[in-house]
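Here the structure is laid out as C-alpha coordinates; the discussion comes afterwards.
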Ligand code: HAM
(Lines give C-alpha, C1' and ligand atoms only; values in the text may rest on other atoms or scores of the structure.)
Protein backbone atom coordinates (compact mmCIF):
# COMPACT_ATOMS: atom_id res chain seq x y z
CA UNK A 1 0.00 0.00 0.00
CA UNK A 2 1.23 3.48 -0.91
CA UNK A 3 1.90 5.67 2.13
CA UNK A 4 0.11 8.99 2.40
CA UNK A 5 -0.07 12.02 4.69
CA UNK A 6 -2.63 12.48 7.46
CA UNK A 7 -5.84 14.26 6.45
CA UNK A 8 -5.51 18.00 7.10
CA UNK A 9 -1.71 17.87 7.12
CA UNK A 10 0.27 19.04 4.13
CA UNK A 11 3.75 19.41 2.73
CA UNK A 12 5.31 22.73 1.92
CA UNK A 13 6.95 22.05 -1.40
CA UNK A 14 10.21 23.50 -2.76
CA UNK A 15 8.35 25.63 -5.34
CA UNK A 16 6.70 27.55 -2.49
CA UNK A 17 9.56 27.71 -0.04
CA UNK A 18 10.91 31.07 -1.24
CA UNK A 19 7.56 32.60 -0.33
CA UNK A 20 7.81 31.14 3.17
CA UNK A 21 11.35 32.38 3.59
CA UNK A 22 10.38 35.84 2.33
CA UNK A 23 7.50 36.15 4.80
CA UNK A 24 9.45 34.70 7.71
CA UNK A 25 12.33 37.08 7.02
CA UNK A 26 10.03 40.12 6.86
CA UNK A 27 8.38 39.12 10.13
CA UNK A 28 11.73 38.67 11.84
CA UNK A 29 12.99 42.04 10.59
CA UNK A 30 9.89 44.01 11.58
CA UNK A 31 9.48 42.31 14.97
CA UNK A 32 13.10 42.97 15.86
CA UNK A 33 12.68 46.63 14.84
CA UNK A 34 10.07 46.82 17.57
CA UNK A 35 12.33 45.15 20.12
CA UNK A 36 10.95 41.59 20.07
CA UNK A 37 13.15 38.52 20.61
CA UNK A 38 12.42 35.05 19.36
CA UNK A 39 11.36 32.33 21.75
CA UNK A 40 11.12 28.64 20.81
CA UNK A 41 8.69 26.62 22.82
CA UNK A 42 7.80 22.91 22.75
CA UNK A 43 5.09 21.62 20.39
CA UNK A 44 3.53 19.77 23.33
CA UNK A 45 2.40 20.85 26.77
CA UNK A 46 0.44 19.33 29.61
CA UNK A 47 -3.19 19.45 28.51
CA UNK A 48 -4.17 21.75 31.39
CA UNK A 49 -1.94 24.53 29.99
CA UNK A 50 -4.33 24.81 27.05
CA UNK A 51 -7.54 23.88 28.84
CA UNK A 52 -7.01 26.58 31.46
CA UNK A 53 -5.90 29.27 28.98
CA UNK A 54 -8.07 28.80 25.93
CA UNK A 55 -11.12 27.88 28.03
CA UNK A 56 -12.65 24.51 28.80
CA UNK A 57 -15.87 25.34 26.92
CA UNK A 58 -14.30 26.57 23.67
CA UNK A 59 -14.48 24.53 20.45
CA UNK A 60 -10.69 24.23 20.46
CA UNK A 61 -10.58 22.56 23.88
CA UNK A 62 -13.84 20.64 23.61
CA UNK A 63 -13.44 19.27 20.09
CA UNK A 64 -10.19 20.09 18.37
CA UNK A 65 -7.19 19.21 20.51
CA UNK A 66 -4.82 16.36 19.74
CA UNK A 67 -4.64 14.95 23.26
CA UNK A 68 -3.14 11.65 24.35
CA UNK A 69 -1.99 9.92 27.49
CA UNK A 70 1.77 9.66 27.92
CA UNK A 71 3.43 6.45 29.16
CA UNK A 72 3.42 7.80 32.72
CA UNK A 73 -0.30 8.50 32.57
CA UNK A 74 -0.07 12.29 32.17
CA UNK A 75 -2.31 13.98 29.64
CA UNK A 76 -0.39 15.80 26.88
CA UNK A 77 -1.64 17.94 24.02
CA UNK A 78 -0.09 19.07 20.75
CA UNK A 79 -0.26 22.86 20.82
CA UNK A 80 -3.39 24.24 19.10
CA UNK A 81 -1.91 27.77 19.35
CA UNK A 82 1.20 29.49 20.69
CA UNK A 83 0.03 31.95 23.36
CA UNK A 84 -0.60 29.43 26.16
CA UNK A 85 2.86 27.88 25.78
CA UNK A 86 4.57 31.28 25.64
CA UNK A 87 2.75 32.34 28.82
CA UNK A 88 3.78 29.09 30.48
CA UNK A 89 7.41 29.73 29.46
CA UNK A 90 7.18 33.37 30.62
CA UNK A 91 6.11 32.21 34.07
CA UNK A 92 8.36 29.17 34.34
CA UNK A 93 11.47 31.17 33.40
CA UNK A 94 10.52 34.07 35.72
CA UNK A 95 10.78 36.52 32.84
CA UNK A 96 8.53 38.93 34.75
CA UNK A 97 11.32 39.35 37.31
CA UNK A 98 13.92 40.30 34.71
CA UNK A 99 12.16 43.22 33.05
CA UNK A 100 8.86 45.08 33.39
CA UNK A 101 8.35 44.67 29.64
CA UNK A 102 8.94 41.43 27.73
CA UNK A 103 8.47 41.17 23.97
CA UNK A 104 8.53 37.72 22.41
CA UNK A 105 7.86 36.29 18.96
CA UNK A 106 7.63 32.70 17.78
CA UNK A 107 6.73 30.55 14.84
CA UNK A 108 5.85 26.95 14.28
CA UNK A 109 3.29 24.31 13.64
CA UNK A 110 -0.04 24.22 15.47
CA UNK A 111 -2.54 21.36 15.58
CA UNK A 112 -6.33 21.53 15.58
CA UNK A 113 -8.69 18.74 14.63
CA UNK A 114 -10.94 20.91 12.47
CA UNK A 115 -12.78 19.99 9.28
CA UNK A 116 -10.18 20.62 6.57
CA UNK A 117 -10.97 22.95 3.68
CA UNK A 118 -9.17 25.64 1.66
CA UNK A 119 -7.14 27.66 4.16
CA UNK A 120 -8.08 25.41 7.09
CA UNK A 121 -5.82 22.57 8.10
CA UNK A 122 -5.27 20.28 11.04
CA UNK A 123 -1.55 20.99 11.01
CA UNK A 124 -0.80 24.63 10.17
CA UNK A 125 1.87 27.24 10.83
CA UNK A 126 1.56 30.43 12.79
CA UNK A 127 3.94 33.30 13.45
CA UNK A 128 2.97 35.15 16.60
CA UNK A 129 4.08 37.90 18.95
CA UNK A 130 3.28 38.51 22.62
CA UNK A 131 3.95 41.62 24.68
CA UNK A 132 3.97 41.25 28.48
CA UNK A 133 3.89 44.03 31.07
CA UNK A 134 2.21 47.20 29.89
CA UNK A 135 -1.48 47.81 30.27
CA UNK A 136 -1.45 51.14 28.49
CA UNK A 137 -3.47 51.40 25.25
CA UNK A 138 -0.33 52.56 23.45
CA UNK A 139 1.02 49.01 23.83
CA UNK A 140 -2.03 47.53 22.05
CA UNK A 141 -1.64 50.17 19.35
CA UNK A 142 2.10 49.58 19.01
CA UNK A 143 1.61 45.82 18.60
CA UNK A 144 -1.10 46.31 15.97
CA UNK A 145 1.06 48.90 14.18
CA UNK A 146 3.89 46.37 14.06
CA UNK A 147 1.56 43.78 12.53
CA UNK A 148 0.39 46.30 9.98
CA UNK A 149 3.93 47.30 9.09
CA UNK A 150 4.63 43.62 8.44
CA UNK A 151 1.69 43.50 6.01
CA UNK A 152 2.95 46.67 4.33
CA UNK A 153 6.45 45.23 3.98
CA UNK A 154 5.11 42.04 2.42
CA UNK A 155 3.03 44.19 -0.02
CA UNK A 156 -0.19 42.56 1.17
CA UNK A 157 -1.78 45.36 3.20
CA UNK A 158 -3.89 46.54 0.27
CA UNK A 159 -5.59 43.13 0.22
CA UNK A 160 -6.37 43.22 3.93
CA UNK A 161 -8.70 44.89 6.38
CA UNK A 162 -8.02 45.44 10.08
CA UNK A 163 -11.11 44.86 12.21
CA UNK A 164 -11.14 46.01 15.80
CA UNK A 165 -13.35 45.59 18.84
CA UNK A 166 -13.28 45.34 22.63
CA UNK A 167 -14.49 42.46 24.76
CA UNK A 168 -14.45 44.39 28.04
CA UNK A 169 -12.99 43.12 31.30
CA UNK A 170 -13.96 41.27 34.45
CA UNK A 171 -15.93 44.34 35.52
CA UNK A 172 -18.22 44.84 32.55
CA UNK A 173 -18.28 41.40 30.94
CA UNK A 174 -20.31 39.55 33.60
CA UNK A 175 -23.09 42.08 33.19
CA UNK A 176 -22.94 41.66 29.43
CA UNK A 177 -23.09 37.88 29.81
CA UNK A 178 -26.31 38.30 31.78
CA UNK A 179 -27.69 40.42 28.98
CA UNK A 180 -26.83 37.69 26.51
CA UNK A 181 -28.55 35.05 28.62
CA UNK A 182 -31.64 37.27 28.79
CA UNK A 183 -31.51 37.73 25.04
CA UNK A 184 -31.03 34.08 24.09
CA UNK A 185 -33.30 32.44 26.66
CA UNK A 186 -36.54 33.06 24.70
CA UNK A 187 -34.88 31.31 21.70
CA UNK A 188 -33.70 28.38 23.80
CA UNK A 189 -35.57 25.74 21.78
CA UNK A 190 -34.28 27.12 18.46
CA UNK A 191 -30.61 26.95 19.49
CA UNK A 192 -28.42 23.95 18.65
CA UNK A 193 -27.65 21.43 21.43
CA UNK A 194 -24.21 22.96 21.99
CA UNK A 195 -25.59 26.48 22.35
CA UNK A 196 -28.35 25.38 24.69
CA UNK A 197 -25.59 24.08 26.92
CA UNK A 198 -23.52 27.24 26.36
CA UNK A 199 -26.42 29.31 27.66
CA UNK A 200 -25.46 28.03 31.10
CA UNK A 201 -21.73 27.55 30.71
CA UNK A 202 -20.43 30.29 28.39
CA UNK A 203 -23.08 32.42 26.62
CA UNK A 204 -20.40 34.42 24.73
CA UNK A 205 -19.58 31.29 22.75
CA UNK A 206 -23.08 31.28 21.22
CA UNK A 207 -21.97 34.34 19.24
CA UNK A 208 -19.24 32.19 17.65
CA UNK A 209 -21.50 29.24 16.71
CA UNK A 210 -21.27 28.13 13.08
CA UNK A 211 -24.84 26.68 12.95
CA UNK A 212 -27.06 28.66 10.58
CA UNK A 213 -30.02 28.85 13.00
CA UNK A 214 -27.86 30.10 15.88
CA UNK A 215 -26.12 32.61 13.62
CA UNK A 216 -29.42 34.10 12.54
CA UNK A 217 -30.59 34.52 16.13
CA UNK A 218 -27.21 35.92 17.23
CA UNK A 219 -27.36 38.63 14.57
CA UNK A 220 -29.63 40.72 16.79
CA UNK A 221 -27.88 39.95 20.09
CA UNK A 222 -26.52 42.87 22.13
CA UNK A 223 -22.84 43.65 21.43
CA UNK A 224 -20.05 44.06 23.97
CA UNK A 225 -18.76 47.44 22.80
CA UNK A 226 -22.11 49.01 23.64
CA UNK A 227 -21.84 47.59 27.16
CA UNK A 228 -18.27 48.53 28.10
CA UNK A 229 -17.50 50.09 31.49
CA UNK A 230 -15.95 53.56 31.54
CA UNK A 231 -12.34 52.31 31.80
CA UNK A 232 -12.69 49.80 28.97
CA UNK A 233 -14.39 52.39 26.83
CA UNK A 234 -11.59 54.86 27.44
CA UNK A 235 -8.97 52.18 26.68
CA UNK A 236 -10.68 51.35 23.39
CA UNK A 237 -10.91 55.03 22.40
CA UNK A 238 -7.21 55.51 23.13
CA UNK A 239 -6.18 52.48 21.06
CA UNK A 240 -8.16 53.83 18.11
CA UNK A 241 -6.68 57.30 18.54
CA UNK A 242 -3.09 55.95 18.56
CA UNK A 243 -3.75 53.90 15.43
CA UNK A 244 -5.21 56.97 13.72
CA UNK A 245 -2.16 59.01 14.69
CA UNK A 246 0.16 56.73 12.71
CA UNK A 247 -2.22 56.18 9.79
CA UNK A 248 -3.14 52.54 10.46
CA UNK A 249 -6.69 52.29 9.17
CA UNK A 250 -9.22 49.97 10.75
CA UNK A 251 -12.93 49.35 10.98
CA UNK A 252 -14.74 48.69 14.22
CA UNK A 253 -16.50 45.35 14.03
CA UNK A 254 -18.59 44.81 17.17
CA UNK A 255 -19.26 41.20 16.10
CA UNK A 256 -15.70 39.95 16.63
CA UNK A 257 -15.95 37.19 19.22
CA UNK A 258 -12.70 35.17 18.95
CA UNK A 259 -12.56 31.42 19.53
CA UNK A 260 -10.46 31.62 22.69
CA UNK A 261 -11.67 32.69 26.13
CA UNK A 262 -8.59 34.48 27.46
CA UNK A 263 -9.23 37.85 25.84
CA UNK A 264 -9.97 41.08 27.68
CA UNK A 265 -10.53 44.49 26.12
CA UNK A 266 -8.91 44.93 22.67
CA UNK A 267 -9.46 42.20 20.08
CA UNK A 268 -8.72 42.35 16.37
CA UNK A 269 -8.73 40.33 13.19
CA UNK A 270 -7.05 40.96 9.89
CA UNK A 271 -9.28 39.69 7.12
CA UNK A 272 -9.31 39.46 3.34
CA UNK A 273 -12.10 39.12 0.81
CA UNK A 274 -9.87 37.14 -1.53
CA UNK A 275 -9.68 33.75 0.17
CA UNK A 276 -13.29 32.62 0.56
CA UNK A 277 -14.66 31.34 3.86
CA UNK A 278 -11.36 31.20 5.80
CA UNK A 279 -10.88 34.93 5.63
CA UNK A 280 -8.90 35.68 8.81
CA UNK A 281 -5.20 35.94 8.06
CA UNK A 282 -4.19 37.10 11.53
CA UNK A 283 -5.87 37.73 14.84
CA UNK A 284 -5.17 38.61 18.42
CA UNK A 285 -5.92 40.81 21.35
CA UNK A 286 -5.29 41.67 24.96
CA UNK A 287 -5.35 39.00 27.67
CA UNK A 288 -4.72 40.70 31.00
CA UNK A 289 -5.79 37.80 33.21
CA UNK A 290 -3.96 34.86 31.66
CA UNK A 291 -0.53 35.07 33.30
CA UNK A 292 -2.16 35.10 36.72
CA UNK A 293 -4.59 32.34 35.72
CA UNK A 294 -1.62 30.09 34.92
CA UNK A 295 0.07 30.81 38.25
CA UNK A 296 2.24 33.85 37.51
CA UNK A 297 2.01 37.35 38.97
CA UNK A 298 -0.79 39.53 37.58
CA UNK A 299 0.69 40.74 34.27
CA UNK A 300 -1.20 42.45 31.47
CA UNK A 301 -0.40 41.16 27.98
CA UNK A 302 -1.39 41.52 24.36
CA UNK A 303 -0.49 39.54 21.25
CA UNK A 304 -1.42 38.16 17.86
CA UNK A 305 -0.80 35.24 15.52
CA UNK A 306 -0.59 35.20 11.74
CA UNK A 307 -1.85 32.13 9.83
CA UNK A 308 0.98 31.35 7.47
CA UNK A 309 -0.87 29.11 5.00
CA UNK A 310 -3.60 31.70 4.50
CA UNK A 311 -1.05 34.43 4.04
CA UNK A 312 0.86 32.37 1.49
CA UNK A 313 -2.39 31.55 -0.38
CA UNK A 314 -3.13 35.26 -0.53
CA UNK A 315 0.39 36.16 -1.58
CA UNK A 316 0.38 33.53 -4.33
CA UNK A 317 -2.77 35.15 -5.75
CA UNK A 318 -1.66 38.74 -5.23
CA UNK A 319 2.00 38.38 -6.26
CA UNK A 320 2.15 35.32 -8.56
CA UNK A 321 5.70 35.83 -9.86
CA UNK A 322 9.12 36.42 -8.40
CA UNK A 323 9.49 33.60 -5.91
CA UNK A 324 11.14 30.99 -8.11
CA UNK A 325 14.36 29.17 -7.50
CA UNK A 326 17.40 31.26 -8.29
CA UNK A 327 20.17 29.67 -10.36
CA UNK A 328 22.98 31.90 -11.51
CA UNK A 329 25.16 29.51 -13.49
CA UNK A 330 24.37 26.18 -15.10
CA UNK A 331 27.31 24.10 -16.34
CA UNK A 332 26.74 21.82 -19.32
CA UNK A 333 29.60 19.52 -20.29
CA UNK A 334 30.47 16.87 -22.88
CA UNK A 335 33.05 14.12 -22.40
CA UNK A 336 34.76 12.59 -19.35
CA UNK A 337 37.52 15.19 -18.96
CA UNK A 338 35.11 18.12 -19.35
CA UNK A 339 32.85 16.49 -16.77
CA UNK A 340 35.70 16.40 -14.24
CA UNK A 341 36.66 20.01 -14.96
CA UNK A 342 33.02 21.12 -14.72
CA UNK A 343 32.85 19.54 -11.26
CA UNK A 344 35.85 21.65 -10.16
CA UNK A 345 34.48 24.85 -11.71
CA UNK A 346 31.16 24.34 -9.94
CA UNK A 347 32.99 23.92 -6.64
CA UNK A 348 34.96 27.18 -7.22
CA UNK A 349 31.89 29.19 -8.18
CA UNK A 350 29.90 27.96 -5.19
CA UNK A 351 32.78 28.81 -2.86
CA UNK A 352 32.48 32.36 -4.20
CA UNK A 353 28.76 32.43 -3.40
CA UNK A 354 27.45 31.87 -6.92
CA UNK A 355 24.46 29.51 -7.12
CA UNK A 356 25.56 26.84 -9.55
CA UNK A 357 23.84 23.83 -11.06
CA UNK A 358 25.65 21.17 -12.98
CA UNK A 359 24.46 18.30 -15.09
CA UNK A 360 25.26 14.80 -13.92
CA UNK A 361 26.32 11.87 -16.09
CA UNK A 362 26.73 12.18 -19.82
CA UNK A 363 23.55 13.42 -21.42
CA UNK A 364 23.31 15.10 -24.82
CA UNK A 365 24.08 18.80 -25.03
CA UNK A 366 20.52 19.40 -26.17
CA UNK A 367 18.97 17.88 -23.08
CA UNK A 368 21.46 19.65 -20.82
CA UNK A 369 20.61 23.00 -22.40
CA UNK A 370 16.93 22.24 -21.90
CA UNK A 371 17.55 21.69 -18.22
CA UNK A 372 19.65 24.87 -18.08
CA UNK A 373 16.78 26.81 -19.62
CA UNK A 374 14.25 25.36 -17.17
CA UNK A 375 16.50 26.08 -14.22
CA UNK A 376 16.21 29.81 -14.84
CA UNK A 377 20.01 30.22 -14.94
CA UNK A 378 21.40 33.64 -15.81
CA UNK A 379 24.41 32.10 -17.61
CA UNK A 380 25.15 28.67 -18.96
CA UNK A 381 28.73 27.48 -19.29
CA UNK A 382 29.32 24.98 -22.07
CA UNK A 383 32.44 22.90 -21.77
CA UNK A 384 33.45 20.16 -24.24
CA UNK A 385 36.78 18.44 -24.99
CA UNK A 386 37.60 21.09 -27.61
CA UNK A 387 36.97 24.00 -25.22
CA UNK A 388 38.98 22.20 -22.56
CA UNK A 389 41.98 21.83 -24.90
CA UNK A 390 41.83 25.55 -25.69
CA UNK A 391 41.42 26.57 -22.02
CA UNK A 392 38.10 28.31 -22.70
CA UNK A 393 34.41 27.84 -22.06
CA UNK A 394 31.40 29.03 -24.00
CA UNK A 395 29.39 31.49 -21.95
CA UNK A 396 25.75 31.77 -22.91
CA UNK A 397 23.70 34.69 -21.68
CA UNK A 398 20.32 33.01 -21.30
CA UNK A 399 18.12 36.12 -21.34
CA UNK A 400 19.75 37.60 -24.42
CA UNK A 401 20.50 34.28 -26.19
CA UNK A 402 24.05 35.42 -26.95
CA UNK A 403 27.19 33.37 -26.68
CA UNK A 404 30.84 34.26 -26.27
CA UNK A 405 34.07 32.46 -25.47
CA UNK A 406 35.96 33.34 -22.29
CA UNK A 407 38.98 31.78 -20.65
CA UNK A 408 38.33 29.24 -17.89
CA UNK A 409 40.20 31.60 -15.58
CA UNK A 410 37.75 34.42 -16.36
CA UNK A 411 34.86 32.02 -15.94
CA UNK A 412 36.04 31.26 -12.43
CA UNK A 413 36.12 34.94 -11.50
CA UNK A 414 32.74 35.70 -13.09
CA UNK A 415 30.64 38.22 -11.19
CA UNK A 416 26.89 38.44 -11.39
CA UNK A 417 24.89 41.60 -10.77
CA UNK A 418 21.92 40.93 -8.55
P1 LIG B 1 -6.55 32.25 16.28
O2 LIG B 1 -7.54 33.26 15.78
O3 LIG B 1 -7.10 30.98 16.78
O4 LIG B 1 -5.71 32.98 17.41
O5 LIG B 1 -5.51 31.93 15.16
C6 LIG B 1 -4.75 32.97 14.54
C7 LIG B 1 -4.68 32.73 13.05
O8 LIG B 1 -4.19 31.42 12.77
C9 LIG B 1 -6.03 32.77 12.33
O10 LIG B 1 -6.42 34.10 12.04
C11 LIG B 1 -5.72 31.99 11.07
O12 LIG B 1 -5.08 32.80 10.11
C13 LIG B 1 -4.74 30.94 11.55
N14 LIG B 1 -5.43 29.65 11.78
C15 LIG B 1 -6.17 29.28 12.86
N16 LIG B 1 -6.65 28.05 12.70
C17 LIG B 1 -6.20 27.60 11.50
C18 LIG B 1 -6.35 26.37 10.76
N19 LIG B 1 -7.04 25.36 11.23
N20 LIG B 1 -5.76 26.28 9.55
C21 LIG B 1 -5.03 27.33 9.05
N22 LIG B 1 -4.86 28.49 9.71
C23 LIG B 1 -5.43 28.63 10.92
C24 LIG B 1 -4.70 32.38 18.09
O25 LIG B 1 -4.22 31.33 17.80
C26 LIG B 1 -4.16 33.23 19.22
N27 LIG B 1 -3.11 32.47 19.88
C28 LIG B 1 -3.65 34.56 18.72
C29 LIG B 1 -3.11 35.41 19.81
C30 LIG B 1 -1.81 35.57 20.15
N31 LIG B 1 -3.81 36.12 20.66
C32 LIG B 1 -3.01 36.72 21.51
N33 LIG B 1 -1.79 36.37 21.22
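I'd like to check something: does segment 323-340 contain any residue that is over 29 Å from residue 387 (Cβ atoms), loosely packed, with under 15 Cβ neighbours inside 10 Å and either at pLDDT below 95 or in contact with a helix residue (DSSP H, G or I) (Cβ under 6 Å, 6 or more places away or on another chain) (or both)? Yes, segment 323-340 contains a residue that is over 29 Å from residue 387 (Cβ atoms), loosely packed, with under 15 Cβ neighbours inside 10 Å and either at pLDDT below 95 or in contact with a helix residue (DSSP H, G or I) (Cβ under 6 Å, 6 or more places away or on another chain) (or both).
So that you can scan it fast, the table gives a plain yes or no per residue for (1) in the same structural domain as residue 148 (by TED's automatic domain parsing); (2) farther than 28 Å from residue 312 by Cα; (3) modelled with pLDDT of 95 or more:
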residue	(1), (2), (3)
237	yes, yes, yes
246	yes, no, yes
253	yes, no, yes
260	yes, no, no
266	yes, no, yes
269	yes, no, yes
285	yes, no, yes
289	yes, yes, yes
292	yes, yes, yes
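Among the residues of segment 342-362, those that are modelled with pLDDT under 95 and touching a strand residue (DSSP E or B) at 6+ places or on another chain (Cβ under 9 Å) comprise 359, 362. Take residue 39 and tell me if it is loosely packed, with under 14 Cβ neighbours inside 10 Å and touching a helix residue (DSSP H, G or I) at 6+ places or on another chain (Cβ under 9 Å). Against the criterion (loosely packed, with under 14 Cβ neighbours inside 10 Å and touching a helix residue (DSSP H, G or I) at 6+ places or on another chain (Cβ under 9 Å)), residue 39 does not qualify. Only helices (runs of 4 or more DSSP H) whose full extent lies in segment 289-391 are considered here, and the ones with at least 1 residues that are under 30 Å from residue 54 (Cβ atoms) and under 38 Å from the mean Cα position of the chain (by Cα) are 290-293, 308-318. Listed by position, the helices (runs of 4 or more DSSP H) enclosed by segment 87-203 that each have at least 2 residues that are not assigned by TED's automatic domain parsing to the domain that holds residue 270 are 173-184, 193-201. Can we say residue 285 is in contact (Cβ under 8 Å) with a residue 40 or more places away in the chain and near the ligand (Cβ under 10 Å from one of its atoms)? Yes: the conditions hold for residue 285. In summary, residue 158 fulfils each of the numbered conditions (1) over 22 Å from residue 253 (Cβ atoms); (2) out of contact with any helix residue (DSSP H, G or I) (no Cβ under 7 Å at 6 or more places or on another chain); (3) surrounded by fewer than 15 Cβ atoms within 10 Å (Cβ to Cβ) with the single exception of condition (1). On inspection, residue 380 does not qualify as in contact with a helix residue (DSSP H, G or I) (Cβ under 8 Å, 6 or more places away or on another chain) and within 16 Å of the ligand (Cβ to nearest atom). Assessment of segment 296-314 against the conditions (closer than 30 Å to residue 354 by Cβ, at pLDDT 95 or above and surrounded by fewer than 21 Cβ atoms within 10 Å (Cβ to Cβ)) yields at least one matching residue. Just one residue in the set 83, 77 is in contact with a strand residue (DSSP E or B) (Cβ under 7 Å, 6 or more places away or on another chain), within 20 Å of residue 261 (Cβ to Cβ) and more than 13 Å from the ligand (Cβ to nearest atom); that residue is 77. Filtered by the rule that a residue be in contact with a helix residue (DSSP H, G or I) (Cβ under 7 Å, 6 or more places away or on another chain) and outside any loop (DSSP other than H, G, I, E, B), segment 253-269 gives 266, 268. For segment 207-223, the set of residues classified as within 28 Å of the chain's Cα centre (by Cα) and in contact (Cβ under 8 Å) with a residue 24 or more places away in the chain consists of 207, 208, listed by residue number.
The values are calculated or read from the model by the stated rules, or taken from the named source; none is laboratory data. Not measured: the values here are computed from a predicted model. Methodologically, a virtual Cβ is constructed for each residue, glycine included, from the backbone with ideal geometry; neighbour enumeration extends over all protein chains shown.
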